[in-house]
Amino acid sequence: ALSFNVQGMQTIMRTRVPATRDRIALMLEAKLRSECKVLEEIGKLPPELERYAGQFDTVPVGVNPHETLLAMEDEFKTFGDLCFRLGFEVLHNKTDIPFLTSDNPVCTYDPREPLLARTPYDHSGDIELIFPLTARMLVRGSSKRQPFGVLT
């Protein structure tokens, strides 16, 4: 069984990194651009935004950084829920080549896809999670392995 401490660390590593906040900011920016374009199309653009008409694909958009922090709660819950769908194993690297580690080591993908066609963080099919703990040990989670403690 994989400790809840390790799963908690995985969740924090996946969620509390600049890459996650950047992704959230990009999604909020795209949403705002889309909403402004719709308002422009239906003639309901607020007067303070009329000077940007026709430019919503290119005009700089600022996102309140606090909004990205608020979104972290959902990120925690989503990744935590994902962990309960996976069975885990710890793999020990006994080769001379160390595992690659980074400050953003959490990635999930569908292992059935060819390597170059894999889309990270798509949780609709089979899931493979690779989480390096050290250069010599990693946690591997898979939807093909039965989660520990599941009643069947």
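Since every read-out is calculated from the coordinates, none of them should be taken as a lab result. This is a predicted model, so every value here is computed, not measured. Virtual Cβ from ideal backbone geometry, glycine too; neighbours counted across all protein chains shown.
With coordinates expressed along the principal axes, the C-alpha atoms belonging to segment 66-105 extend over 44, 24, 6 Å, beginning with the largest.
Scaled against 2.2 N^0.38 Å for its residue count N, the alpha carbon radius of gyration of the chain is 1.36. The Cα center of segment 111-140 and the Cα center of segment 15-50 differ in position by 30 Å. Summing Lys and Arg as +1 and Asp and Glu as -1 over all other residues whose Cβ lies under 15 Å from the Cβ of residue 69 gives a net charge of -1. Taking amide H atoms as placed 1.01 Å from N in the peptide plane, the amide H of residue 137 lies under 5 Å from those of 93, each 5 or more residues away in sequence or on another chain. Lys pairs in the chain, Cα-Cα under 26 Å, at least 8 apart or on separate chains: how many? Eligible lysine pairs with Cα atoms under 26 Å apart amount to 4. Helix-only arithmetic for the chain: the sum of -39500 (n - 2.57) across DSSP H runs with n ≥ 4, divided by the residue total, places the mean residue ellipticity at 222 nm at -12500 deg cm²/dmol.
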